[in-house]
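Participant: My structure is below; once you've seen it, I'll send some questions.
Values quoted throughout were computed directly from the atomic coordinates according to the rules given, and no laboratory measurement underlies them. Everything numeric in this text was worked out from a predicted model, so none of it was measured. Every residue, glycine among them, receives a Cβ derived from its backbone with ideal geometry; neighbour counts consider all protein chains shown.
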Amino acid sequence: MVEQNDNYQPSEDEAVYVISVAAQLSGMHPQTLRQYDRLGFVSPGRASGRGRRYSLRDIASLRNIQRLVGEGVNLAGIARIIELESAVANMAIEVAKLRTEVDALIVQNPPKALVLRDSQEVVVLEKDK
């Protein structure tokens, strides 16, 4: 027999909420959640019987979509916002990786100190008058 842990908290990516619970938590109708799944705004997991299972991250996304709709953004605008937010997040990850790589290279090859050269006399050529 499997023991139940009363302190169990699902991770934010763990798909555990059925559509009725996700609808209640997000403040939306279940049919709206189905539409947003078809549009690709959220991608809930699937149970063995093909029923949708939403994660906490999915519910947070649904709340964000609901906020945007409330602000008057249409579905095409929401799709574009989601696309751009994803691109920004991916770029932030890439920048963090590059910073780590640059820091490692600097440790391996510290920059050379600037060497001051001896001052040299400057000769100005004048045209014959």
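Participant: Rounded, prolate or oblate, given the Cα gyration tensor of region 10-73, with a/c below 1.5 counting as rounded? Spell out each step's value before the answer.
Facilitator: Numbers: a/c = 1.92, a/b = 1.56, b/c = 1.23.
Prolate.
Participant: Could you give the length gained on full extension between Ser20 and Ser43, defined as 0.36 nm per residue of separation minus the Cα-Cα distance, in nm? Can you show the working numbers first?
Facilitator: Values: separation 23, 0.36 × 23 = 8.28 nm, distance 1.58 nm.
Stretched fully, the Ser20-Ser43 segment lengthens by 6.7 nm.
Participant: For Ala15, what is the net charge nearby, where nearby means another residue's Cβ is under 9 Å from its Cβ and Lys, Arg count +1, Asp, Glu -1? Write out the running numbers ahead of the final one.
Facilitator: On the way: positive: Arg46, Arg52, Arg53; negative: Asp13, Glu14, Asp58.
Value of the local net charge: 0.
Participant: Let me ask something else about it. Using per-residue counts of other Cβ atoms within 10 Å, averaged over each peptide, order 105-111, 76-82, 32-38 from highest down.
Facilitator: Numbers: 105-111: 8.1, 76-82: 14.0, 32-38: 16.1.
Descending packing order for the listed peptides: 32-38, 76-82, 105-111.
Participant: For the pair Leu75 and Asn109, how long in nm is the line joining their label points, each one 7 Å along Cα→Cβ?
Facilitator: For Leu75 paired with Asn109, the spin-label model returns 5.3 nm.
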